[in-house]
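One structure is given here, and the rest of the page talks about it.
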Amino acid sequence: MAATDDHLLTRVLRAGAPPFEDGAAPVNVPVVRTSTVRFESDAARVELHHRREAGESVGTYGRHGMATHHALEAAIGELEDASEVLLAPSGLSAITLVFIALLSPGDHVLVQDSVYGPVRERAEPLLTRLGVSFSYFSASEGVPAAHVRPNTRLIYAESPSSFFYEVVDLPALAAFARERGILLAADNTWGAGLLYRPLALGADISVQATTKYLGGHSDLMQGAVSTANAALAQKLRDTHDALGLSVGADDAYLALRGIRTLAVRLAQHGRNAFEVAQYLQTERHAVTRVFHPALPDDPGHALWRRDFAGANGLVSFALRHADHDKARAFIDALRLFGIGASWGGYESLALIAPPSRVREHSYWQDSAPVVRLHVGLEDPADLIDDLKQAFRRVVQ
Ligand SMILES: *Cc1c(COP(=O)(O)O)cnc(C)c1O
């Protein structure tokens, strides 16, 4: 198992702590809600604008972020090993920002086929209209040599991927891209920075839906784009600025608050999910396959052990002898698991993987319905009992 760098947790907890003023400081950064910033003099205004343009984290206008945002950016920077972090109003806007910032008409982007669904459904049509072409590769093929074109500018990976947790050999993909002068971006929502560090493994850009584990309480929408490459940072910043992307100070505060307890929450999600996944493997009459990279027989297990520091609360499984109606009856019979999309909060959720999305994943070509669980922080024995009673009522 890849080890979490010992000092990472300490750095993440200290990042963005407010400095002493008059000999004292609050533990947490204040929520600075403002549009306008007042300056003591015009000279101060000009100086602060210059400092901001030179890359310093100073507040000059609400849209560009204030102290609360800067503290959050510093903490995400530690999680992602990044020198530049841009906040966005959702995970999807963070992903689309990467495409718009780095791709121009005539460019081609190669996207992993098991990517988060709205990338195909929403971002691809927008970028196609702007003259960018998309194609998809399967991470199980290894490096996507057959799909690269002379105009391929970006490879976009998501590891482990949505619904099935297909693990990509990111260092191999990074070496492949670098040799060809292609940029590599990775969606790091699953790993949240503590479990997976795409920039350290060679990616140029890491994107997260901070909506999920960083927020951790299902009470905010937010995304972040991180990089350690100054030239890319400038491109991303320019586009971020042109789109006027900004995040409310309250949401920035909530995300930072979530980050302070990320390590303990993730560890518990991972333990609970592993128990649930092992239990699901015993339900042989009802379940054909369980997807979770910490299971030793998962196809991504070896790469996961090499590159990840742990697993999160996501577990999916395919139902045996069931159609969509039966799958629906099964999740309706659950009492503790809520029915809902999204994940990363403290609570357990269940969702039938949309069949149209499942079909796009070359990783799994079976027609059996797939249920995705987000295993929360409840007592895992209660969650397993809940699943057992639903199987008894519906599937047998
Ligand atoms: C949820 C999710 C997103 C999108 O995040 P939103 O904040 O809901 O827009 C992106 N990538 C992955 C892997 C996700 O699970």
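The values are calculated or read from the model by the stated rules, or taken from the named source; none is laboratory data. Computed from a predicted structure; not experimentally measured. A quick note on method: Cβ atoms are made from the backbone with ideal geometry, for glycine too, and the neighbour counts reach across all protein chains shown. Quick note on the areas: whole protein, heavy atoms, side chains included, nothing else; ligands and nucleic acids left out. Shrake-Rupley method; radii C 1.70, N 1.55, O 1.52, S 1.80 Å.
Quick check, is Gln389 open to solvent by 30 Å² or more (accessible area, probe 1.4 Å) and either in contact with a helix residue (DSSP H, G or I) (Cβ under 9 Å, 6 or more places away or on another chain) or not in a loop (DSSP other than H, G, I, E, B) (or both)?
no
Residues to consider are Ala15, Ala24, Ala75; find the one that is out of contact with any Asp or Glu (no Cβ under 9 Å at 6 or more places or on another chain), open to solvent by less than 20 Å² (accessible area, probe 1.4 Å) and of a type in the set (Gly, Ala, Ser).
Ala75
Looking at region 81-98, I want the residues that are without any contact (Cβ under 8 Å) to a residue 40 or more places away in the chain and have a partner that is open to solvent by less than 40 Å² (accessible area, probe 1.4 Å) and more than 12 Å from the ligand (Cβ to nearest atom) with Cβ atoms under 9 Å, at least 6 apart or on another chain. Which pairs are those?
Once the first residue is without any contact (Cβ under 8 Å) to a residue 40 or more places away in the chain and sits in region 81-98, its partners that are open to solvent by less than 40 Å² (accessible area, probe 1.4 Å) and more than 12 Å from the ligand (Cβ to nearest atom) give Thr96/Leu127.
Quick check, is Ser367 among the hydroxyl-bearing types (Ser, Thr, Tyr), more than 23 Å from Val168 (Cα to Cα) and surrounded by fewer than 19 Cβ atoms within 10 Å (Cβ to Cβ)?
Numbers: among the hydroxyl-bearing types (Ser, Thr, Tyr): yes; more than 23 Å from Val168 (Cα to Cα): yes; surrounded by fewer than 19 Cβ atoms within 10 Å (Cβ to Cβ): yes.
It is true that Ser367 is among the hydroxyl-bearing types (Ser, Thr, Tyr), more than 23 Å from Val168 (Cα to Cα) and surrounded by fewer than 19 Cβ atoms within 10 Å (Cβ to Cβ).
I'd like to check which helices (runs of 4 or more DSSP H) are fully inside region 49-159 and have at least 2 residues that are touching a Pro at 6+ places or on another chain (Cβ under 9 Å).
By residue number, 67-80, 91-102.
Is region 336-343 home to any residue that is more than 19 Å from Thr211 (Cα to Cα) and β-branched (Val, Ile, Thr)?
no
How many residues, within region 258-298, are of a type in the set (Asp, Glu) and either modelled with pLDDT under 95 or part of a helix (DSSP H, G or I) (or both)?
1
Limited to region 57-69, what total is found for residues that are touching a residue at least 24 places away in the same chain (Cβ under 8 Å) and surrounded by fewer than 21 Cβ atoms within 10 Å (Cβ to Cβ)?
Number satisfying all stated conditions: 6.
Find the residue count for region 332-359, including only residues that are under 25 Å from the mean Cα position of the chain (by Cα), part of a helix (DSSP H, G or I) and either under 20 Å from Thr189 (Cα atoms) or at pLDDT 95 or above (or both).
2
Quick check on my filter: what residues within region 176-209 are within 11 Å of the ligand (Cβ to nearest atom), in contact with a Leu (Cβ under 8 Å, 6 or more places away or on another chain) and under 14 Å from Glu78 (Cβ atoms)?
Ala192, Gln208
Filter region 192-203 down to the residues that are crowded, with 24+ Cβ neighbours inside 10 Å and touching an Asp or Glu at 6+ places or on another chain (Cβ under 9 Å) and list them by number.
Within region 192-203, Gly193, Tyr196, Arg197, Pro198 qualify.
Before we move on, is Leu194 modelled with pLDDT of 95 or more, in the same structural domain as Ala101 (by TED's automatic domain parsing) and part of a helix (DSSP H, G or I)?
Details: modelled with pLDDT of 95 or more: yes; in the same structural domain as Ala101 (by TED's automatic domain parsing): yes; part of a helix (DSSP H, G or I): no.
Criteria not met by Leu194.
Among the residues of region 98-112, write down those that are touching a helix residue (DSSP H, G or I) at 6+ places or on another chain (Cβ under 6 Å) and within 16 Å of the ligand (Cβ to nearest atom).
Listed by number, the residues that qualify are Phe99, Ile100, Gln112.
Tell me, please, whether a residue that is under 15 Å from the mean Cα position of the chain (by Cα), open to solvent by less than 30 Å² (accessible area, probe 1.4 Å), within 16 Å of the ligand (Cβ to nearest atom) and under 20 Å from Asp113 (Cβ atoms) can be found in region 216-228.
So far as region 216-228 goes, no, none of its residues is under 15 Å from the mean Cα position of the chain (by Cα), open to solvent by less than 30 Å² (accessible area, probe 1.4 Å), within 16 Å of the ligand (Cβ to nearest atom) and under 20 Å from Asp113 (Cβ atoms).
State all residues of region 371-396 that are farther than 16 Å from Ala273 by Cβ and of a type in the set (A, V, I, L, M, F, W, C); if no residue qualifies, say none.
Ala390, Phe391, Val394, Val395
Restricting attention to region 337-352, which residues are more than 12 Å from the ligand (Cβ to nearest atom) and touching a residue at least 40 places away in the same chain (Cβ under 8 Å)?
Phe337, Tyr346, Glu347
Restrict the check to region 306-315 and report whether at least one residue is part of a loop (DSSP other than H, G, I, E, B), polar (S, T, N, Q) and surrounded by fewer than 15 Cβ atoms within 10 Å (Cβ to Cβ).
Checked against the condition, which is being part of a loop (DSSP other than H, G, I, E, B), polar (S, T, N, Q) and surrounded by fewer than 15 Cβ atoms within 10 Å (Cβ to Cβ), region 306-315 yields no hits at all.
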